[in-house]
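The values are calculated or read from the model by the stated rules, or taken from the named source; none is laboratory data. All values derive from a computational prediction rather than experimental measurement. Here Cβ is always computed from backbone atoms with ideal geometry, including for glycine, and neighbour counts include all displayed protein chains.
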Protein chains: 2
Amino acid sequence: MRSALASLLLLLTAPLLAQSAAEKPLFGFTAPTAQKQRALERDFDAKLNPQNLREWMKRLTARPHHLGSDYDKANAEFIASLFRGWGYDTKIEEFEVLFPTPRTRVLELVAPSKFVAKLVEPAIAEDATSGQQSEQLPTYNAYSIDGDVTGELVYVNYGIPKDYDELARRGVDVKGKIVIARYGGSWRGIKPKVAAEHGAIGCIIYSDPRDDGYFQGDVYPKGAFRNENGAQRGSVMDMPVHPGDPLTPGVGATKDAKRLERKDAEVITKIPVLPISYSDALPLLRELGGPIAPIDWRGALPITYHVGPGPARVHLKLEFDWKMVTARDVIARLAGSEFPDQWIMRGNHYDAWVNGASDPISGLVAELEEARAIGELAKSGSRPKRTIIYAAWDGEEEGLLGSTEWAETHADELRRNGVVYLNSDSNSRGFLDAGGSHTLERLVTEVARDVVDPERNVSVLQRLRAHELLAATNAEERKTQRELELIRLDALGSGSDYTPFLQHLGVAALDVGYSGESSGGSYHSVYDSFYHYTRFGDPDFRYGVTQAKTTGRMVLRLANADVLPFEFATFASTLSRYVNELTKLADTLRADTEERNRQLTDKTMELAADPTKPFVAPNAEEPVPFLNFAPLQNAVARLQKSAKAYDAVAGNAIADSPAVGAKRQSLDQLLMHVEQLLTRREGLPRRPWFAHQIYAPGFYTGYGVKTIPGVREAIEQRDWNEASQQMAIVAGVIERYAAEVDRATGMLSRSE
Amino acid sequence: MRSALASLLLLLTAPLLAQSAAEKPLFGFTAPTAQKQRALERDFDAKLNPQNLREWMKRLTARPHHLGSDYDKANAEFIASLFRGWGYDTKIEEFEVLFPTPRTRVLELVAPSKFVAKLVEPAIAEDATSGQQSEQLPTYNAYSIDGDVTGELVYVNYGIPKDYDELARRGVDVKGKIVIARYGGSWRGIKPKVAAEHGAIGCIIYSDPRDDGYFQGDVYPKGAFRNENGAQRGSVMDMPVHPGDPLTPGVGATKDAKRLERKDAEVITKIPVLPISYSDALPLLRELGGPIAPIDWRGALPITYHVGPGPARVHLKLEFDWKMVTARDVIARLAGSEFPDQWIMRGNHYDAWVNGASDPISGLVAELEEARAIGELAKSGSRPKRTIIYAAWDGEEEGLLGSTEWAETHADELRRNGVVYLNSDSNSRGFLDAGGSHTLERLVTEVARDVVDPERNVSVLQRLRAHELLAATNAEERKTQRELELIRLDALGSGSDYTPFLQHLGVAALDVGYSGESSGGSYHSVYDSFYHYTRFGDPDFRYGVTQAKTTGRMVLRLANADVLPFEFATFASTLSRYVNELTKLADTLRADTEERNRQLTDKTMELAADPTKPFVAPNAEEPVPFLNFAPLQNAVARLQKSAKAYDAVAGNAIADSPAVGAKRQSLDQLLMHVEQLLTRREGLPRRPWFAHQIYAPGFYTGYGVKTIPGVREAIEQRDWNEASQQMAIVAGVIERYAAEVDRATGMLSRSE
């Protein structure tokens, strides 16, 4: 039965920006509660003070505070004390996790000339914390195995699978060799994984000044960019298999948890890995011979880039202290006045690689200021209807340890009570950057409409739209941009603490921050300091406050909405886009395979090749069959229909609907759990931890998302049987999801 | 009346490669004369000896031999003596031309630090001729005016008009400043011209290692590429206005020619210009502040590229010896046995900037070997039917002086007797690269089909097709490539000696050479030596011989054909492509203007801009009106119809047609003169010397071609009135051309 609300809908979907501030609806609120909510948000804004962010950052970054360090523990206790002071029910939850730190790091060129890598980021006079060497973690990659290897060097560009295809075309094999890859092109952990798959015995990762150094801008301390001695620390555990403690996949790393032996931990690398600066890389790369590197492999060092192998030979020796340390998550709870069992969760990690002003303290201090204001509002009588849980995570840098272990420990509660997990991490000047569950696009868009950009005095939505319009590369993209009613959320891959919530448990998630106007090269170095951040990041913390306004509004609206602000139309159309991408992927792969096989038959590549240069023709590939996309297409078509039907009875003004009244609670229960229907306990092929069937980090990209990953990666890996199986599975998942949307529609329709 | 040949045509247009060698037709020949011609070509091939090329190159490059030098004169005499020995009626024709050489060259950084540019290419031990400093021309740009200027420095990327738009967006003006541009992106002479138009007072041009140095490959002497001290000499006269002697535009620079005063010469630069190496550029660029350069402006020097202005201040002082020198063209004639007044002309310059092994001697020695073999064939009885004229030009490097003055001096004879001018210049390993009049595509394709590539033992046509197929970037381009029956000739802009023949006089022209497998950085430096060329260019001169086989075949077929091998179908379809490009250009410009104006109204750029960086919004542009392309489109449509009708009566086997018989001579007369109908004595707007209405070097690109230049450049410059006027003019030109094609068709049809 078609609801009378359908006609109302027409009135309410006029472009958001055309309405005056007073008329602006708040999705999920009735007109009267929206008025109240707006007043609350004005009070909230008024409480935010950039000076707090500055002081907390100064304090939290005063010393190195990596996982397991004294100052990390002190920070946890300080943060907990703040939350307690603001009225939150706060505790520190502890986990015991494996965290290797270096005992020996040797990298030397042994032929044709000699050079010993310095592996040191020197102190810089202006930067007071850069010289705290006794507490700094040295430059290294966590979860590299121990190793002592010597071999010829091969330059592998970004070290992703297609780079090895290019090497093979030039007759270069890395078996028994040590590879040197530059940062970029994938998440760093992919590089040693792919190198090991190809038989390499060691892996060096360096920051090329093309991507991360003087090519990008003036280097530190003159400018913000990575100088010749800066090196990027970071975890190389195989996070696309699972994040969290390597010894306790799938379960919380509590004191008495059952643990794997280290040798059985799947996510530790197979070969030793070390990150180095470009001043350490230059002497190695300069001594490479062999074919010249393809043009887009060449960086900004003043040399001719060759791929090798050799004559450069290097010796790499790494030994780690494989110790267990305590990870401490600060969990601060503000119980909801009406629906204490509906949890709005908000988190940012607090651990860093060194002093970590930008990563993660810039995001954390915004979260703290947001929490302080919300706590004060609660004290003065405006307690949220739903429970708000603030988290400050430990051990994120090593592989989302704190958040993952907490989420695994509390999995059942989270599946029962979790509504949304809202994440943030580094924050700086620029544009709103939001990713997450597509059911939340209207919420995010309305918040962006209501927050003012501190530099341009228009809404952050308007500024983002201007930015995205200029980023569009053709008229069609510009047209799409201009016609979009809602912000298009990025699909989430990995790289921050939303992963265990969204991809393991199926709790709807958002990841929100500002960025784009303060690029620089302090990432994971000793130079990510208060001094650096307050010169180049967000000097007056105006974007820290803007972030607090943005995420605070999201939290408050989620906590106080009359009906939870989820909707399905853009999710259904986004899914339809993803399925179109998949069909196109298969078509492109088919055409490319045909073309390549034809060129092999015609000897095209051989005829065009320069006979004075090595050239090995690739092998012919099995032709790509036509795959049956129909189950997936039918499921998505059904969901689009279901979403449309839901919108027809619910619409933007759902909270005002008399139909909702008594159904509010059961509708909320349905809405808060529906994302879980997108997960399967069996997870993805070869990585059961990743349960979500729509979003996952790529097996060969790392942080980079793969949407509908089971199908997409099967096609990419040319496994047609698995692609078909996965299509059936995902189709089933979407069908069950659509049925739940239909149940919601029925719930509302029957009440008419 | 439709000829009976039409049906024959169907049999003969089967794909060229599907036919066995014995069956392969020769366009313009009857079946019996084709047999004879094939035998001649076999004899010709057998006479070619790579050892000759090596010895002549060794001798001709033994000392620096620029225009006006002793060794240049000696080379002219040596070349003339060779031609005489081979039976050519040979003379040296002399012209008196303006050729400035440096007296003073000073470039220094005066603030914020001090540095004096070395301006020297040092001798390299392995390279015997690199140290001949007493005879070498120093590094400089010919036809720069004298000047003594000091000012703040601004980096202008390639120094083309759109680069100045980018600077304006960043609030940077070059008025009263000295600009530094990198080589590339346009012909060098454009850089000081555009800089002066924007008010700069001096111009430095440097070779960035990104485009021309270690980024591209190992540097000399380890590899072929430009080392840190290499600098590119070159002319900066305003060649798109006219090439040749600056004092005698349009007339031969004979002793008694009427000359302009130097101050009235339009093509001398308005500001002083100097080329420098990257080791001299680095200290200057390093001291630039101001905005960071746009990402695609950044080169491969190990610095952050800023645009300035300042704080770098430089002093540039240049004084020249503005002397008159003698240019000597060697002209060698082999009179045709049947049609002495039909001239097949073949030329390559012999002057160099220094020793010039690659540029131009690699091309010249192939021409000499070709001429030797043809001379011997003539001596042994196989005299060509038409006259062949070999030319070795002087003063090409300064601005096509030798060829232009000769063509201007002999303009009337050339208009009367010229059939084709076939040019070459540098030659090296790689792929056939041919440009020229599109009426000659079948000739070029058939020759490419019949010459074997020395590296891969397939025809150079097959190898070129493989190369072009791999260069195609998408399936549609690959489809087009595969379906092309004939090689697509590049349209000719400028940069070598075909310009006066094709673009001033309307003699059909070709420019032919091999390249693509021996890139390097010796261009216009002291390192363009015998040593460099025989290591990196074409070590065994196999491609020199392949070039001789290729151009020699073209010359012999043109000289002996029963009917001149011109045809019109691909020219007509190429013209149609050009007109489509023009309509698309106007449409794109219109859409871009609308978009830009909309963004200005919406303040999109302002909202997206980072307020901490300078940003100046561009001005709104006048909307682009819809232009009347119909006259041009109708003219091209008519020509396509005319070409089709001609093919229907003529076809591939025209020479075999009984219809031709008695008409041969009048048909040849028509065919050899029809290209002249594409010229107008009034020339192009603002540059009357350039008479050709279809091909011209771009006013703001230099060597780069602009097709249908009158219309295209008017649209690019947003001069809608001129665009309309030019469309009418070009339409008229094409109509007259089509009428001449119709006359040819009628000639053949009436004889049936």
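Cβ-Cβ distance below 6 Å, separation of 6 or more or different chains: which pairs start in the range A:680-691 with a residue that is within 20 Å of A:Thr248 (Cβ to Cβ) and end on one that is aliphatic (A, V, I, L, M) and in a loop (DSSP other than H, G, I, E, B)? If the second residue must be aliphatic (A, V, I, L, M) and in a loop (DSSP other than H, G, I, E, B), the pairs left are A:Gly683/A:Ala691; A:Arg687/A:Val241. Inspect all residues belonging to the range A:694-713 and state whether any of them is part of a helix (DSSP H, G or I), under 28 Å from A:Glu338 (Cβ atoms) and assigned by TED's automatic domain parsing to the domain that holds A:Thr593. Within the range A:694-713 (the criterion being part of a helix (DSSP H, G or I), under 28 Å from A:Glu338 (Cβ atoms) and assigned by TED's automatic domain parsing to the domain that holds A:Thr593), the answer is no, since none of the residues qualifies.
Does the range A:435-452 hold any residues that are in contact with a helix residue (DSSP H, G or I) (Cβ under 6 Å, 6 or more places away or on another chain) and either within 14 Å of another protein chain (Cβ to nearest Cβ) or within 26 Å of A:Gln35 (Cβ to Cβ) (or both), and which are they? Within the range A:435-452, A:Thr439, A:Glu441, A:Val447, A:Ala448, A:Arg449, A:Val451 meet the criteria.
Among the residues of the range A:560-571, are any outside any helix (DSSP H, G or I) and within 30 Å of A:Phe215 (Cα to Cα)? No, the conditions are met nowhere in the range A:560-571. Among the residues of the range B:119-138, just one is touching a strand residue (DSSP E or B) at 6+ places or on another chain (Cβ under 6 Å) and touching a residue at least 40 places away in the same chain (Cβ under 8 Å), namely B:Leu119.
Residue under question is B:Pro100, and the condition is that it be in contact with an Asp or Glu (Cβ under 8 Å, 6 or more places away or on another chain) and over 30 Å from B:Arg262 (Cβ atoms); does it hold? When the stated conditions are applied, B:Pro100 does not pass them. A single member of A:Ala257, A:Ala253 is under 17 Å from A:Asp394 (Cβ atoms) and surrounded by fewer than 18 Cβ atoms within 10 Å (Cβ to Cβ), and it is A:Ala257. Note on the range B:450-503: residues that are of a type in the set (Val, Ile, Thr) and under 30 Å from B:Thr404 (Cβ atoms) amount to 2. Going residue by residue through the range B:727-748, is there one that turns out to be within 20 Å of B:Arg590 (Cα to Cα) and assigned to a helix (DSSP H, G or I)? Within the range B:727-748, one or more residues are within 20 Å of B:Arg590 (Cα to Cα) and assigned to a helix (DSSP H, G or I). Within the range B:107-117, the residues that satisfy the criterion of being touching a strand residue (DSSP E or B) at 6+ places or on another chain (Cβ under 9 Å) and in contact (Cβ under 8 Å) with a residue 12 or more places away in the chain are B:Leu107, B:Glu108, B:Leu109, B:Val110, B:Ala111, B:Pro112, B:Phe115, B:Ala117. Selection over the range B:472-481 of residues that are within 11 Å of chain A (Cβ to nearest Cβ) and surrounded by 13 or more Cβ atoms within 10 Å (Cβ to Cβ) gives a count of 4. Per the listing A:Ala635, A:Ala645, A:Ala662, A:Ala650, the residue uniquely hydrophobic (A, V, I, L, M, F, W, C) and exposed (fewer than 14 other Cβ atoms within 10 Å of the Cβ) is A:Ala662. Select, from A:Asp211, A:Asp296, A:Asp245, A:Asp280, the only residue that is more than 14 Å from chain B (Cβ to nearest Cβ) and in a helix (DSSP H, G or I). Sole residue among the options that is more than 14 Å from chain B (Cβ to nearest Cβ) and in a helix (DSSP H, G or I): A:Asp280.
Take B:Glu166 and tell me if it is touching a residue at least 24 places away in the same chain (Cβ under 8 Å) and more than 16 Å from B:Ala293 (Cβ to Cβ). No; evaluated as a whole, the condition is false for this residue. Filtering the range A:549-575 to residues that are of a type in the set (D, E, K, R) and under 16 Å from A:Val419 (Cβ atoms) leaves A:Arg553, A:Arg557, A:Asp562, A:Glu567.
Under the condition of being more than 8 Å from chain A (Cβ to nearest Cβ) and in contact (Cβ under 8 Å) with a residue 40 or more places away in the chain, which residue from the range B:460-471 is farthest from A:Phe615 (Cα to Cα)? Filtering first and then ranking leaves B:Leu461.
Considering only the range A:586-593, I want to know if a residue exists there that is touching a residue at least 40 places away in the same chain (Cβ under 8 Å), outside any loop (DSSP other than H, G, I, E, B), more than 9 Å from every other protein chain (Cβ to nearest Cβ) and over 24 Å from B:Gly430 (Cβ atoms). Yes, the range A:586-593 has at least one match.
Screening A:Asp218, A:Asp165 for residues that are over 25 Å from A:Leu316 (Cα atoms) and out of contact with any strand residue (DSSP E or B) (no Cβ under 7 Å at 6 or more places or on another chain) leaves exactly one candidate, A:Asp165. Can you find even one residue in the range B:59-69 that is in contact with a Pro (Cβ under 7 Å, 6 or more places away or on another chain), outside any loop (DSSP other than H, G, I, E, B) and under 17 Å from B:Ile361 (Cβ atoms)? No, there is no match, as no residue in the range B:59-69 is in contact with a Pro (Cβ under 7 Å, 6 or more places away or on another chain), outside any loop (DSSP other than H, G, I, E, B) and under 17 Å from B:Ile361 (Cβ atoms). Checked against (1) closer than 30 Å to B:Leu40 by Cα; (2) within 14 Å of chain A (Cβ to nearest Cβ), B:Ala561 passes all but a single condition, namely (2).
Of everything listed in (1) touching a residue at least 40 places away in the same chain (Cβ under 8 Å); (2) away from chain A (no Cβ under 14 Å); (3) part of a loop (DSSP other than H, G, I, E, B), the single unmet condition for B:Asn227 is (2).
Filtering the range B:601-630 to residues that are among the small types (Gly, Ala, Ser) and away from every other protein chain (no Cβ under 14 Å) leaves B:Ala620, B:Ala630. Mind checking which residues of the range B:163-208 are within 14 Å of chain A (Cβ to nearest Cβ) and more than 20 Å from B:Glu228 (Cβ to Cβ)? Residue satisfying the conditions is B:Arg169 alone.
Can you pull out every residue in the range B:420-476 that is part of a strand (DSSP E or B) and on the phi < 0 side of the Ramachandran plot? Of everything in the range B:420-476, those that are part of a strand (DSSP E or B) and on the phi < 0 side of the Ramachandran plot turn out to be B:Val420, B:Tyr421, B:Leu422, B:Asn423, B:Phe431, B:Leu432, B:Asp433, B:Ala434, B:Gly435, B:Val452, B:Ser459.
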